[in-house]
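The values are calculated or read from the model by the stated rules, or taken from the named source; none is laboratory data. Computed from a prediction, not measured in an experiment: that's the story for all the values here. A quick note on method: Cβ atoms are made from the backbone with ideal geometry, for glycine too, and the neighbour counts reach across all protein chains shown. Side chains included, ligands, DNA and RNA excluded: accessible areas come from the protein's heavy atoms. Shrake-Rupley method; radii C 1.70, N 1.55, O 1.52, S 1.80 Å.
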Amino acid sequence: MNIIIETRNFEKLHTEELKVKCPACLDQLWESQWVHRSITRADMAQAEELQALGDKIAQSADVTVVLASGQMAKLLRAGISAAEPVEEKSKVIVFGDTFSPSAYASLLHSLEGKSFTLLAISEAEESLQLRGAYSVLKQQLISSCGKEQAAERIFAIAGKESKFLTAEAAAEDYPLLSYPEIPAA
């Protein structure tokens, strides 16, 4: 399958066209030999754990707020806009790369009257924006459903260089998955 993208600005692409092509592209990518060689048995076990965690997150609330910053946030937004979920279990909002008061107000307004889970992702040391968003949303969860229930709705995926999320998950006993390390070869 050949996909020709005629523009360099991904945000201007027609997402409906991409949604149609996405499943076939992912299948073709998965069948590529370099993908198979880079995935170990430990990675496969972690993928199953990640799938189970994803199912738990999607079924536990009306909204899932994914905290990410930089390129990770851009990748997540692009993936969410291009892929259509099989089942609409939970609305997904990517946040964490801004200090804008209006962005925070808009996010908190969209969460009013809804249950939400918090998934924080950081492949490296966390930005100040991500730390701030995490702190605000963690406090919002604690205020809305109590500390015990909040602990069941906060999840983290952290890389080797993550300090803040790793420390938070350890201190509060939140589920923490290690960000997979893919060999350069």
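Structure above, values below:
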| read-out | value |
| --- | --- |
| Answer from 104, 134, 174 - the residue that is open to solvent by less than 80 Å² (accessible area, probe 1.4 Å) and in a loop (DSSP other than H, G, I, E, B) | 174 |
| Selection status of residue 149, in a helix (DSSP H, G or I), among the polar types (S, T, N, Q) and either buried (at least 16 other Cβ atoms within 10 Å of the Cβ) or touching a Ser or Thr at 6+ places or on another chain (Cβ under 6 Å) (or both) | no |
| Condition broken by residue 22, with the remaining ones in (1) modelled with pLDDT of 75 or more; (2) assigned to a helix (DSSP H, G or I) satisfied | (1) |
| Candidates 165, 119 - the one that is crowded, with 18+ Cβ neighbours inside 10 Å and farther than 20 Å from residue 77 by Cα | 165 |
| Check on residue 127, touching a residue at least 40 places away in the same chain (Cβ under 8 Å), under 18 Å from the mean Cα position of the chain (by Cα), open to solvent by 20 Å² or more (accessible area, probe 1.4 Å) and within 14 Å of residue 64 (Cα to Cα) | no |
| Extreme residue, nearest to residue 156 (Cα to Cα), among residues of the range 54-67 that are part of a loop (DSSP other than H, G, I, E, B) and in contact with a Phe, Trp or Tyr (Cβ under 8 Å, 6 or more places away or on another chain) | 61 |
| Candidates 154, 142, filtered to the one that is without any contact (Cβ under 8 Å) to a residue 24 or more places away in the chain and open to solvent by less than 70 Å² (accessible area, probe 1.4 Å) | 142 |
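This table checks each residue for (1) open to solvent by less than 60 Å² (accessible area, probe 1.4 Å); (2) of a type outside the set (D, E, K, R); (3) at pLDDT below 90.
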{"residue": "77", "(1), (2), (3)": "no, no, yes"}
{"residue": "82", "(1), (2), (3)": "yes, yes, yes"}
{"residue": "87", "(1), (2), (3)": "no, no, yes"}
{"residue": "94", "(1), (2), (3)": "yes, yes, no"}
